[in-house]
Amino acid sequence: MQPFSRPQMAARAAQDIPEGWVVNLGIGMPTAIADHVPLDREVIFQSENGVIGMGPAPNANEANPWLINAGKAMVTLRPGGSYVHHSDSFAMIRGGHIDLCVLGGFEVAANGDLANWATSENDTAPAVGGAMDLGAGAKRLWVIMDHTTKDGRPKLVDQCGYPLTALGTVNRVYTNLGVFDVVKGTGFIVVDLAPGVTLEYAQSQSASKLHTL
Amino acid sequence: MINKIVQSMAEAMEGIKDGSTVLIGGFGSVGQPDALIEGLIEQGAKDLTCVANNAGTGHVGLARLMELGRVRKIICSFPRSAGSVVFEELYKAGKIELEIVPQGTMAERMRAAGAGIPAFFTATGAGTLLARGKEAREFDGREYIMERSLPADVALIEAWEADRWGNLIYKDSGRNFNPVMAMAATLTIAQVQHIGELGTLDPEKIVTPGVYVNRVLQVDRGAPWV
């Protein structure tokens, strides 16, 4: 059995992003997806802080500290790129102009709910950032995360236990074990499994039924 | 003659009262009005409500203002970030009030304040913990929650270039919260790297018209730290 490594998970998600989409990638694992989208496939990466048409990290000789992404790392701007302020950037997000958002997750439920911002109602100081705006506003919401927690608890569940970020909007989940669509009324549907991962094994690592077509 | 350019930090900070709501621009260090925050620390106003995307890092700027016990409440989207040590300590000790706001809702609440809109409905946060205590309403089969506008007494912002009318041009991702904060405050103070003669700023490039700006202070800030 060869579960996907993190770069493989990112590459697998990148495969499914077609030319022409406007895409917002969350901080952390989702950000790495951009590295696997070839530059000649024109995908417009949008960053919450008002960068439209982000390119890869700069070479040392073209580093520009005024140009950063939502994770506060230096980036570049592609030809055709533009800048907007925060309110316009989030109008784009909340107004349904983003084709795809990919976020990390603590839990995804069979009904498409996502929990990814707080680990309890009494979290000392949860940080929500733009996750609720993206979760509610993007046309499609994908989640990229490990299939289970470090201590082996399933993250694909019937109902989220953690506080919700967005309700019923997750369409697809990429994990180290495979790719799963989330379909209203059905739940998780297996799209792809990592090499050597059986349906039985993936099911044993999930707390919700995995359906096959 | 209209001239919003002030010559000293003391002049820039004049009249900021205890109990004020203060908006602080910037995302990361880009577009962050470092010098004005230092000026506010020096000026002495206390019992402040501060609105910023993060809750300060290290022991400088906003973090320093909080450490000195001058901030009663912070409104932000992402309080917990690398180096937010001062906030975490104060929050644990119950010495600072926190209001978490989704980033887009925060920007829109300020835009609304600047545009004379007292409240609006958004799908962001509907059905979550952050919807508690807020009016929920269904439009076209989807649930939305009501968010109030976020007007402020003071905005501290940073821009790349200004003229004496207070027109502002930003650099790269330096716009971020600055233009909406300029709209939402009664007193908007801009820290700028450069000042141009009136008429030299390209009207097509001015993002914040001087209408929203009250005072401009030129500061050689140099590059943001990343």
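Is the range A:129-148 home to any residue that is within 14 Å of the chain's Cα centre (by Cα), at the interface with another protein chain (Cβ under 8 Å from one of its Cβ atoms) and not in a helix (DSSP H, G or I)? Yes. No other residue among A:Met74, A:Met9, A:Met54 is surrounded by 14 or more Cβ atoms within 10 Å (Cβ to Cβ) and more than 13 Å from chain B (Cβ to nearest Cβ) apart from A:Met9. Scanning the range B:12-48 for residues that are of a type outside the set (Val, Ile, Thr), within 28 Å of A:Trp66 (Cα to Cα) and either in contact (Cβ under 8 Å) with a residue 40 or more places away in the chain or buried (at least 16 other Cβ atoms within 10 Å of the Cβ) (or both) yields a total of 17.
Does B:Val207 satisfy the criteria of being at pLDDT 95 or above, among the β-branched types (Val, Ile, Thr), under 17 Å from the mean Cα position of the chain (by Cα) and surrounded by fewer than 24 Cβ atoms within 10 Å (Cβ to Cβ)? Yes.
One residue is enough: does the range B:89-96 have a residue meeting the conditions within 14 Å of chain A (Cβ to nearest Cβ) and closer than 29 Å to A:Tyr83 by Cα? Within the range B:89-96, not a single residue is within 14 Å of chain A (Cβ to nearest Cβ) and closer than 29 Å to A:Tyr83 by Cα.
Each row is one residue, and each column tells you yes or no for (1) more than 30 Å from A:Tyr162 (Cβ to Cβ); (2) part of a loop (DSSP other than H, G, I, E, B); (3) in contact with an Asp or Glu (Cβ under 6 Å, 6 or more places away or on another chain); (4) among the polar types (S, T, N, Q).
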{"position": "B:Phe121", "(1), (2), (3), (4)": "no, no, no, no"}
{"position": "B:Gly133", "(1), (2), (3), (4)": "no, yes, no, no"}
{"position": "B:Val154", "(1), (2), (3), (4)": "yes, no, no, no"}
{"position": "B:Glu158", "(1), (2), (3), (4)": "yes, no, no, no"}
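All conditions but one from (1) closer than 22 Å to B:Ala10 by Cα; (2) touching a residue at least 40 places away in the same chain (Cβ under 8 Å); (3) among the polar types (S, T, N, Q) apply to B:Asn176; the one that does not is (1). For the range B:188-218, a residue qualifies if it is out of contact with any Ser or Thr (no Cβ under 9 Å at 6 or more places or on another chain), more than 11 Å from B:Ile157 (Cα to Cα) and not in a loop (DSSP other than H, G, I, E, B), and the qualifying residues are B:Gln193, B:His194, B:Ile195, B:Gly210, B:Val211, B:Gln218.
The values are calculated or read from the model by the stated rules, or taken from the named source; none is laboratory data. What you see is a predicted model; the values in this text were computed from it and never measured. Note: ideal-geometry Cβ built from the backbone for every residue, glycine included; neighbour counts use all protein chains shown.
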